[in-house]
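K.L.:
Starting off with a structure, shown below.
What follows is calculated from the coordinates using simple rules that are stated; it is not laboratory data. Please read all numbers here as calculations on a predicted model, not as lab measurements. Note that we place each Cβ from the backbone using ideal geometry, even for glycine, and neighbour counts take in every protein chain shown.
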Amino acid sequence: MATLLDVGCGWGSLSLYIAKKYSNCRITGICNSTTQKAFIEEQCREHQLKNVEIIVADISTLEMVASYDRIFSIEMFEHMKNYKDLLQKISKWMKQDSLLFVHHFCHKAFAYHFEHINEDDWITRYFFTGGTMPAANLLLHFQQSQIRSYQDWLANGKHYAQTSEAWLKRMDENMALIKPIIESTYGKDQAIKWTVCWRTFFIAVAELFGYNNGEEWMVALFLFKKK
C-alpha cells in the first residue's frame, strides 16, 4: 500500500479526495487544529474511509520516524519561516525514491514577511501570523544535500483571483447558512465585523492576484526528490 503525507492538510480536501479515489493508498495528514481533525474524521466516517489518519501537531517541533512514498504540501509554506529547517525535516520523512510536491502562492521576484505593525494589519494578524510571502524561486535557495528540485512551474495569478471571486460568490449566495456559523465562531456581537472581514479578504486576494494581468503575484509549484 502506497503511503502519502499531507503536510498542512487544513480541512482535508486533498487528503479526502485521494482517499476516495485511491483506496490502495494510506494517507496521513498533519494539521494544527483539533477542529480540522474532527471535521476530517467525521467526513471519513460519512464516506466510510478507513485509509486516513490525522495528526494534530506544530510542524516546526514535530518529529516522526515514519517515511512516505509521496509527500505534498498545499499552501502551508506561506505560514512558515526557516525554509531550510523545514525542508530538511520533511526530507527525513522521504524514502529514497519519494517525491515532495509543494504548492504556495508567491510574488514573482520579492519575498517579504507578513508583518503585524498596527490594527490595520488584520489580514496578517488573523490569516498569516508569522508567515512569509515567498518569491517565486525562494525554495530553490534552500535545496540541501538531501533533496533537489526535480521540476518547478509558475501558474498565472488570474487563476487564483478567479478562485477567490468564486469563494466570495459562494459566500454571498449561502449567507443564510453561513451566518449561524460566523455567530457561533466569533460571537453574535462580532458577526457583522467578521462577515465584512471575510468578504474583504476574498476581494483583496482577487485584486492582488489579478494585478498586472496575473504576472505579479502568482502560484509556484515544485517537485523535489532525494539526491
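K.L.:
Long-range amide H contacts for Cys9: which residues qualify at under 5 Å (H placed 1.01 Å from N, peptide plane, sequence gap of 5 or more or a different chain)?
P.N.:
Under 5 Å from the amide H of Cys9: Ile30, Cys31.
K.L.:
Further question: Counting C-alpha atoms alone, how compact is region 8-63: give Rg to one decimal and Dmax as a whole number, in angstrom.
P.N.:
Reported Rg and Dmax, both Å: 10.8, 32.
K.L.:
Then there's this: Using a 10 Å cut-off around each Cβ, can you sort Phe128, Phe105, Phe224 from fewest to most neighbouring Cβ atoms? Could the numbers behind the result be given before it?
P.N.:
On the way: Phe128 17, Phe105 20, Phe224 25.
Exposure proxy ranking, most exposed first: Phe128, Phe105, Phe224.
K.L.:
Across every pair of different alpha-carbon atoms, what Kirkwood hydrodynamic radius in Å does region 158-214 reach? It would help to have the intermediate numbers written out before the result.
P.N.:
Working: mean 1/r = 0.0842 Å⁻¹.
Over region 158-214, the inverse of the mean reciprocal pair distance is 11.9 Å.
K.L.:
The chain: D in µm²/s via Stokes-Einstein (Kirkwood Rh, Cα pairs, 4 °C, 1.567 mPa s)?
P.N.:
Working: Rh = 19.0 Å.
D = 68 µm²/s.
K.L.:
Okay, moving on. Which one, Thr28, Thr185, Thr200, has the greatest fluctuation when you compute a Gaussian network model over the chain with C-alpha springs under 10 angstrom?
P.N.:
Checking each option, the largest mean-square fluctuation is seen for Thr185.
K.L.:
Rank Gly12, Thr124, Trp167 by how far each Cα sits towards the positive end of the charge dipole of the chain (+1 on Lys, Arg Cβ; -1 on Asp, Glu Cβ) and give me just the farthest.
P.N.:
Gly12
K.L.:
Select from His113, His79, His141 the residue whose mean-square fluctuation is largest in a Gaussian network model of the chain (Cα-Cα springs shorter than 10 Å).
P.N.:
Ranking His113, His79, His141 by mean-square fluctuation puts His141 first.
K.L.:
While we're on this one: Under a point-charge model restricted to the Cβ atoms of Lys and Arg (+1) and Asp and Glu (-1), what is the dipole moment magnitude of the chain relative to its Cα centre, in debye to the nearest 20? Don't jump to the answer; show the numbers that get you there.
P.N.:
Working: 25 positive and 25 negative charges, 178 e Å.
Dipole magnitude for the chain comes out near 860 debye.
K.L.:
Based only on other Cβ atoms within 10 Å, what is the fewest-to-most ordering of Leu177, Leu208? Each step should come with its number before you reach the end.
P.N.:
Details: Leu177 9, Leu208 16.
Ordered from fewest to most neighbouring Cβ atoms within 10 Å, Leu177, Leu208 come out as Leu177, Leu208.
K.L.:
Right, here's the next one. Against the globular-protein guess of 2.2 N^0.38 Å, express the Cα radius of gyration of region 14-121 as a ratio, rounded to two decimals.
P.N.:
On the way: Rg = 16.1 Å, N = 108, 2.2 N^0.38 = 13.0 Å.
Normalised Cα radius of gyration, region 14-121: 1.23.
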